[in-house]
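Comments concern the structure below.
The values are calculated or read from the model by the stated rules, or taken from the named source; none is laboratory data. A quick note: this is a predicted structure, and the numbers were derived from the prediction, not measured. Quick reminder, even Gly has a Cβ in these numbers, built from the backbone with ideal geometry, and neighbours come from all protein chains shown.
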2 protein chains.
Amino acid sequence: MEAKKHIAIAGAGLVGSLLSIYLAKRGYQVTVIERRSDMRKSKGYEGRSINLALSNRGIRALEEVGLAEELKKEAIPMHGRMIHDLKGKMQFQPYGKEGQYINSISRSGLNKVLMTAAENIGVRFQFENRIVHVNFETTELSLQSTDQKIQIEKYDWIIGADGAFSAVRHALQMTDRFDYSQEYIHHGYKELHIPANSSGGFQMEKNALHIWPRESFMLIALPNPDGSFTLTLFFPFNGEQSFEKLANKEAVQEFFQNTFPDALQLMPDLLQEFFHNPTSSLVTVKCFPWLKNNVLLMGDAAHAIVPFYGQGMNAGFEDCRAFNQLLDLHQDDWSTVAPIFQQERKPNADAIAQLALDNFIEMRDLVNDPDFILRKKIEAKLHELYPADWIPLYSMVTFYKDIPYHVAYETGQKQKKIMEEVLKTPNIESTWQQMDLKKIVDQLKK
Amino acid sequence: MEAKKHIAIAGAGLVGSLLSIYLAKRGYQVTVIERRSDMRKSKGYEGRSINLALSNRGIRALEEVGLAEELKKEAIPMHGRMIHDLKGKMQFQPYGKEGQYINSISRSGLNKVLMTAAENIGVRFQFENRIVHVNFETTELSLQSTDQKIQIEKYDWIIGADGAFSAVRHALQMTDRFDYSQEYIHHGYKELHIPANSSGGFQMEKNALHIWPRESFMLIALPNPDGSFTLTLFFPFNGEQSFEKLANKEAVQEFFQNTFPDALQLMPDLLQEFFHNPTSSLVTVKCFPWLKNNVLLMGDAAHAIVPFYGQGMNAGFEDCRAFNQLLDLHQDDWSTVAPIFQQERKPNADAIAQLALDNFIEMRDLVNDPDFILRKKIEAKLHELYPADWIPLYSMVTFYKDIPYHVAYETGQKQKKIMEEVLKTPNIESTWQQMDLKKIVDQLKK
């Protein structure tokens, strides 16, 4: 029998852990190398956001490795956006049809389940090992442990799934003809908190993603199983209204009082949290090639995106699923699979990167816009009448795992043009139900 | 008397050496740190192209430091492009008006003159010192010498003028909220050579930049003072016609015979050179901010561009001149000057980066296009009649040092639109001299 291929995965985060399961199931020897300590053993969790929106692309991958049922129990369905205005008045905007929803899930909870499941099928995790060098010629990693000693390990393949600030990608950047960009947006984010009420219940609607859209910035809230909400303030670093200006408790108190009065009432620890929690930045990373010899990037390491479509993890999980499918298709011939993988996934990664940037504007501003709301309503009707021929963009991205991101993006661009014309119709808000809706749908086929 | 500020300049290349002169003349203590050995003492010269096109922006800076006259003696004026067709037929296209020209100059010759001039006024050069760490909080550099020892040095300011693969910029990239991109084009380049004839004379027209434009690629030649020409083949790395395909002597010989027959006749060492000389890549680097605390980027380190406008060095020299002017204006208050410098220079850097990419298409393809040639002719006439109101783009960039690159770029975009309309006029090639040329010029003012 041929010796098992030995695969190193850099990064024990969500994508690295999931990929290790896929590969161990195929019979590979898999070692996951992680810079940090084992999060299952440490109390605090360093860095990254507390909860995430898991949707169909991610769920599909979890189903394939047999973990979807277990994890869904930990998740809270969110059926739509709950928009909070300045007076605390709320309006609910469903994400899709009845029964379509996204899931609020704990990042660390999910990560721990994936790591343990991986270990149970023989994946070896090497924690507290920093990658200090990647040898692309010999497929070797130089690993530095906490005692500062450096060990060189050789593998058959190395997968860089080590996130937005990937050490593997960083090594790749030093090689010739590697296209690379990292671009920050002007907004940062700060996580805040609404606790459960005294009896452990939710203080706002549980099954929604709450948004306080304020045009140039926003506050959002996702529910946690313990009855609390994790809030995230997306706010400019500098400028007229910015983190820079909220330099003391009085300024923060006044800003929340004027801007998010209903949320403020539910945040007894706001001022302490605001000055204790970090202000973090938001970056889009693009690069190409993802592959050099026997070293391949995946997930955020290849395509970190901003969080506004809730697709970062889902896109990374889809990478794992796509790679596994290609291994099926090409009898585990990695040299064939890896170049196809990067060619197929790159346009999808670019598309979801742009969609995520665009969705920030939708979430913080457009959700308040009567034209936008009407457009959503008309599109929902088009989808109801012609479910296969008109699928709203958000649904394609979030609920239709078989539509590639780049197809969703291109279709969405066409839909936008068509709907802009439709919305120019005089008195459209009262007459649209009488329009020839089939004709609108047919334009998409041109 | 206040102690002199100590300025470290990373990189003893063209920009670093010139900047050291500017700063030493202002009375600063200047140390230039260079990874390589002193090029004045070593025989071979590692890396980078052999000759460069020096034009007005660069000359202006050399004038300011009193080196222009000395250096012009080493330079060969090139008054225009000499276009070589497939049959070796030549056509001359002037760059500008009578008396306007660019200068072929030796990179290493120029660099050596700058270094020696700097040393003569007290600049200290530390060769064979690699920057392994930049401390942005304390303005310290960790320098590794050839004996592997690391020394930490503290300065008042650090200027990263260490080129396209800048170590200082690389350190900056590891800090938060640093936008960065490196993008390679599909073409690489290889340097080749036409020797002087047996009596030391030029084998082609001396005072021209020779181009063999072949649509998707090109060969160019610049004259050297010894009667030889340095040729550069800009050619795709991969594909139908590419370096990859020219894998043996027969293929190279046949390709040159079919594509550059007249040049081939003058290249006795082609085959040896072709396989001895490296195939190098071409990158555009953009980043922002250029400044963090007391560390500032300049030249290629801040904005590496492709070579097709001959402006890389000129843009870097203009950085030095602009910085020096700002020090004049703000009484050497660096904390005021540095942020203004990056704000003012960034749009110019972005503009010349785009112009350089655009000019590759002009050089390799458009120079053969009758419409393009006619357009040049009409624009030359417009400039002759209305010298202040219509300055062709190439002239703005190359001969008008007081027009910022970004203004040249924007004006060029407008000119292009106007000329595209003009060229649609029926029988324009025979009628343009009868047109109301004033009307064309006036459109630019709108």
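Residues that are of a type outside the set (A, V, I, L, M) and either under 17 Å from A:Gly312 (Cα atoms) or outside any helix (DSSP H, G or I) (or both) within the range A:379-398 comprise A:Tyr386, A:Pro387, A:Asp389, A:Trp390, A:Pro392, A:Tyr394, A:Ser395, A:Thr398, listed in sequence order. In summary, A:Thr232 fulfils each of the numbered conditions (1) away from chain B (no Cβ under 14 Å); (2) more than 24 Å from B:His170 (Cα to Cα); (3) in a loop (DSSP other than H, G, I, E, B); (4) at pLDDT 95 or above with the single exception of condition (3). Considering the range B:27-82, and only residues there that are of a type in the set (A, V, I, L, M, F, W, C) and in a loop (DSSP other than H, G, I, E, B), the residue that is modelled with the lowest pLDDT turns out to be B:Ile50. Looking at the range A:268-279, is at least one residue in contact (Cβ under 8 Å) with a residue 40 or more places away in the chain, part of a loop (DSSP other than H, G, I, E, B), away from every other protein chain (no Cβ under 14 Å) and touching a Pro at 6+ places or on another chain (Cβ under 8 Å)? Among the residues of the range A:268-279, at least one is in contact (Cβ under 8 Å) with a residue 40 or more places away in the chain, part of a loop (DSSP other than H, G, I, E, B), away from every other protein chain (no Cβ under 14 Å) and touching a Pro at 6+ places or on another chain (Cβ under 8 Å), which makes the answer yes.
Comparison of B:Pro387, B:Pro404, B:Pro392 shows that the only residue that is touching a helix residue (DSSP H, G or I) at 6+ places or on another chain (Cβ under 6 Å) and over 26 Å from B:Met218 (Cβ atoms) is B:Pro404. B:His330 fulfils the conditions (1) under 20 Å from the mean Cα position of the chain (by Cα); (2) away from chain A (no Cβ under 14 Å) except for a single criterion, (1).
When B:Leu296 is tested against (1) within 14 Å of chain A (Cβ to nearest Cβ); (2) not in a helix (DSSP H, G or I), only condition (1) is not met.
Exactly one residue among A:Thr398, A:Thr431 is touching a helix residue (DSSP H, G or I) at 6+ places or on another chain (Cβ under 8 Å) and either β-branched (Val, Ile, Thr) or farther than 19 Å from A:Ile305 by Cα (or both), and that residue is A:Thr398.
What residue, of A:Leu297, A:Leu270, is in the same structural domain as A:Lys25 (by TED's automatic domain parsing) and surrounded by 19 or more Cβ atoms within 10 Å (Cβ to Cβ)? Let's see the steps before the verdict.
Values: A:Leu270 fails: in the same structural domain as A:Lys25 (by TED's automatic domain parsing).
Matching residue, one of A:Leu297, A:Leu270: A:Leu297.
For A:Phe243, the criteria (1) in contact with a Lys or Arg (Cβ under 9 Å, 6 or more places away or on another chain); (2) within 19 Å of A:Leu357 (Cβ to Cβ); (3) within 14 Å of chain B (Cβ to nearest Cβ) hold in every case but one, which is (2).
Within the bounds of the range B:426-441, is there any residue that is in contact with an Asp or Glu (Cβ under 8 Å, 6 or more places away or on another chain) and part of a helix (DSSP H, G or I)? Checking the range B:426-441: at least one residue is in contact with an Asp or Glu (Cβ under 8 Å, 6 or more places away or on another chain) and part of a helix (DSSP H, G or I). Close Cβ contacts (under 6 Å, 6 or more residues apart or on different chains) running from residues in the range B:240-254 that are farther than 14 Å from B:Met267 by Cβ to residues that are assigned to a loop (DSSP other than H, G, I, E, B) comprise B:Phe243/B:Phe237; B:Phe243/B:Thr279; B:Glu244/B:Asn238. Just name the residue that is surrounded by the most Cβ atoms within 10 Å (Cβ to Cβ) out of those in the range A:139-185 that are within 14 Å of chain B (Cβ to nearest Cβ) and among the hydroxyl-bearing types (Ser, Thr, Tyr). The residue in question is A:Ser166.
In the set (1) part of a helix (DSSP H, G or I); (2) buried (at least 17 other Cβ atoms within 10 Å of the Cβ), the condition left unmet by B:Phe125 is number (1). Tell me the residue from A:Lys445, A:Lys416, A:Lys401, A:Lys376 that is part of a loop (DSSP other than H, G, I, E, B) and under 24 Å from the mean Cα position of the chain (by Cα), please. Result: A:Lys401 is the single residue among A:Lys445, A:Lys416, A:Lys401, A:Lys376 that is part of a loop (DSSP other than H, G, I, E, B) and under 24 Å from the mean Cα position of the chain (by Cα).
Among the criteria (1) modelled with pLDDT under 95; (2) within 14 Å of chain A (Cβ to nearest Cβ), the one B:Gly200 does not fulfil is (2).
Conditions (1) outside the structural domain of A:Trp290 (by TED's automatic domain parsing); (2) surrounded by fewer than 16 Cβ atoms within 10 Å (Cβ to Cβ), marked per residue:
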residue	(1), (2)
A:Ser335	no, yes
A:Ile340	no, yes
A:Arg345	no, no
A:Asp350	no, no
A:Arg364	yes, no
A:Leu385	yes, yes
A:Pro392	yes, no
A:Gln413	yes, yes
